[in-house]
Amino acid sequence: SEKPTPTSYNVRSKSYNHFLKHLSDTANFNRTFQFTIPQAILNPSPVTTPTLREICQSHVPEHILQRMEEIGYVMPTDIQREALPSLFSGRDCILHAQTGSGKTLTYLLLIHSLINAGKSSVQALVVVPTRELGMQVTKVARTLAAKPTGVSGEQKSCSIMALLDGGTLKRHKTWLKAEPPTIVVATVGSLCQMLERHIFSLETVQVLIVDEVDCIFNSSKQVSSLRKILTSYSSCNNRQTVFASASIPQHNRFIHDSVQQKWTKRDVVHIHVSAVEPMPSRLYHRFITCDTKRKLQTLLSLIQSDAPESGIVFVAEQSEKSKKAGKAPSTSLLIDFLKSSYQGDLDILLLEDKMNFNSRAASLLEVRKGGGYLLVATDIAARGVDLPEMSHIYNFDLPRTAIDYLHRAGRTCRKPFSDVNCTVTSIIIPDERFVLQRYENELMFNCEELTP
Ligand SMILES: Nc1ncnc2c1ncn2[C@@H]1O[C@H](COP(=O)(O)OP(=O)(O)OP(=O)(O)O)[C@@H](O)[C@H]1O
């Protein structure tokens, strides 16, 4: 008998349709080639998109479906439409789709199709790379699990624990002993600590999600812990495993490794939406060149002329060399400069790795209140954080890699079904033009030059 092998689906994007149209034009013009495109591709019969309810109907409990609609999730995004049937069939899955495409709701609906809130055991685990993303996933999960308005009933709603770096593990220990939560959202470090101390086990976990999986596998600090979680503390045969990210470099290699290393089962399915368009098409990319000394002033002029609804100014983390030289970090310089020179209405906030956890949480709480702020941040804000009001991204320092560019840019354009355009502007020195060009080639986008 044949062994099942990984499957890869590429969901056709707009550009691919353009390509087909081009082929068809060429074929009609140059008939001697007898080149025909099947009618089913050229004129596909109109298909009505099923609603999220229709996709989830026989899998997800009714109160969750009601709640989902109450929040405003009615029609599925592409990744939800493509992935949910495979997920409900029980297959392990790699969710690979643009930033802001709705991967979180996709895996939360899977979780609700599998868990039983009446049972007192940890049944679902979501592993994330940062505390910030963990806080956000927990919030979305709790919002979805809350009782819909007007529904009283005796039904027990599931409890969700956030087990994140910087939290008080003592309180979690008591909670886990008294009544284990149904879903745990955890950062790799905190989870491993709990598992190593035998405070809880993954024996009862039916579904394990790893969000921003490439980010975790890229970090030498986190990778060995994640391997232990996937293979020593649990087995892929006893759970359904889902990996999610907008970027999975060398994904064929990654899928191969996932099977070889037993992170997933052999028949893992790779669902890749918008394979030829890695970033949302509503994003407008620009760059402006100036010398290092003019960067602050250039940023200020841009902010004043753009008047963003909300924006993030991304700054590189301070290098060891600069720290040793006793220099102030760029984040502090930038915050001081903006506070003293910016005359507009936006609140200026800071989010960086070296802030203590309470200050980080306070900054995030502030930005989640809605628009009207300018967040100066390191790449800690670049992964997964969902701020739907965000209209402008400024790369004060160019990201280190094309993948980092993609995730920074992806903090905008986060309203599915919206046609509002958002802008990413990189402030570069002349030598960096070549680097930005490389990102443009790799991510297939076009960056327009602004003249000062
Ligand atoms: N079916 C839907 N209808 C309307 N809005 C949706 C739907 N699904 C998700 N959203 C909204 O889309 C936004 C982006 O979703 P989400 O944070 O899950 O994106 P993501 O794919 O995880 O992005 P990233 O890769 O950046 O983490 C959220 O504000 C979410 O509420």
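The values are calculated or read from the model by the stated rules, or taken from the named source; none is laboratory data. What you see is a predicted model; the values in this text were computed from it and never measured. Here Cβ is always computed from backbone atoms with ideal geometry, including for glycine, and neighbour counts include all displayed protein chains. Just so you know, the surface numbers come from the protein's heavy atoms only, side chains and all, with ligands and any DNA or RNA stripped out. Shrake-Rupley method; radii C 1.70, N 1.55, O 1.52, S 1.80 Å.
Go through 404, 431, 397 for me and flag whichever is of a type in the set (D, E, K, R) and assigned to a loop (DSSP other than H, G, I, E, B).
The match here is 397.
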Taking only pairs six or more apart or across chains, which ones have beta-carbon atoms under 9 Å, a first residue in segment 73-91 that is touching a residue at least 24 places away in the same chain (Cβ under 8 Å) and of a type in the set (Ser, Thr, Tyr), and a second residue that is more than 13 Å from the ligand (Cβ to nearest atom) and open to solvent by 60 Å² or more (accessible area, probe 1.4 Å)? 86/9
Answer from 204, 292, 231, 264 - the residue that is within 25 Å of the chain's Cα centre (by Cα) and open to solvent by 30 Å² or more (accessible area, probe 1.4 Å): 231
Among the residues of segment 101-158, write down those that are within 26 Å of residue 203 (Cα to Cα), away from the ligand (no atom under 16 Å from the Cβ) and open to solvent by 40 Å² or more (accessible area, probe 1.4 Å). 114, 116, 118, 119, 120, 155, 156, 157
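Does residue 373 fit the bill of being within 20 Å of residue 339 (Cα to Cα) and either open to solvent by 10 Å² or more (accessible area, probe 1.4 Å) or over 20 Å from the mean Cα position of the chain (by Cα) (or both)?
Working: within 20 Å of residue 339 (Cα to Cα): yes; either open to solvent by 10 Å² or more (accessible area, probe 1.4 Å) or over 20 Å from the mean Cα position of the chain (by Cα) (or both): yes.
It is true that residue 373 is within 20 Å of residue 339 (Cα to Cα) and either open to solvent by 10 Å² or more (accessible area, probe 1.4 Å) or over 20 Å from the mean Cα position of the chain (by Cα) (or both).
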Here is a list of conditions, (1) over 23 Å from residue 109 (Cβ atoms); (2) in contact (Cβ under 8 Å) with a residue 60 or more places away in the chain, and residue 250 meets all of them except one; can you say which number that is? (2)
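Out of everything in segment 379-411 that is of a type in the set (Val, Ile, Thr) and at pLDDT 95 or above, what residue ends up being surrounded by the fewest Cβ atoms within 10 Å (Cβ to Cβ)? So that I can check it myself, show each step before the final result.
Taking segment 379-411 and keeping what is of a type in the set (Val, Ile, Thr), we get 380, 385, 393, 401, 403.
Pick out the ones that are also at pLDDT 95 or above and you get 393, 401, 403.
Working: 393: 25, 401: 16, 403: 22.
So, considering only residues that are of a type in the set (Val, Ile, Thr) and at pLDDT 95 or above, the one surrounded by the fewest Cβ atoms within 10 Å (Cβ to Cβ) is 401.
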Among (1) crowded, with 19+ Cβ neighbours inside 10 Å; (2) over 15 Å from residue 306 (Cα atoms); (3) modelled with pLDDT of 90 or more, residue 367 falls short only on (3)
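Per-residue answers, yes or no, for (1) part of a loop (DSSP other than H, G, I, E, B); (2) within 30 Å of residue 338 (Cβ to Cβ); (3) at pLDDT below 95:
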| residue | (1), (2), (3) |
| --- | --- |
| 231 | no, no, no |
| 252 | no, no, no |
| 278 | yes, no, yes |
| 288 | no, yes, no |
| 296 | no, yes, no |
| 302 | no, yes, no |
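Quick one: is residue 389 within 16 Å of the ligand (Cβ to nearest atom) and among the acidic types (Asp, Glu)? Show your work before the answer.
Values: within 16 Å of the ligand (Cβ to nearest atom): yes; among the acidic types (Asp, Glu): yes.
Judged against the criteria, residue 389 is a match.
State all residues of segment 188-202 that are on the phi < 0 side of the Ramachandran plot and free of Cβ contacts under 8 Å to residues at least 24 places away in the same chain; if no residue qualifies, say none. Before you say what the answer is, go through the steps one by one.
Taking segment 188-202 first, the residues on the phi < 0 side of the Ramachandran plot are 188-197, 199-202.
Hits for segment 188-202 are 196, 197.
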For residue 326, are the conditions met, namely being in contact (Cβ under 8 Å) with a residue 40 or more places away in the chain, surrounded by fewer than 19 Cβ atoms within 10 Å (Cβ to Cβ) and part of a loop (DSSP other than H, G, I, E, B)? no
Residues (open to solvent by less than 60 Å² (accessible area, probe 1.4 Å) and either farther than 18 Å from residue 385 by Cβ or without any contact (Cβ under 8 Å) to a residue 12 or more places away in the chain (or both)) located in segment 329-345: 329, 330, 332, 334, 335, 337, 338, 341, 342, 344
Suppose the filter is of a type in the set (Phe, Trp, Tyr), open to solvent by less than 30 Å² (accessible area, probe 1.4 Å) and either within 16 Å of the ligand (Cβ to nearest atom) or touching a residue at least 12 places away in the same chain (Cβ under 8 Å) (or both); does residue 243 pass it? yes
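Can you go through 391, 426 and tell me which one is within 13 Å of residue 287 (Cα to Cα) and in contact with a Cys (Cβ under 8 Å, 6 or more places away or on another chain)?
Details: 391 fails: within 13 Å of residue 287 (Cα to Cα).
Only one candidate qualifies: 426.
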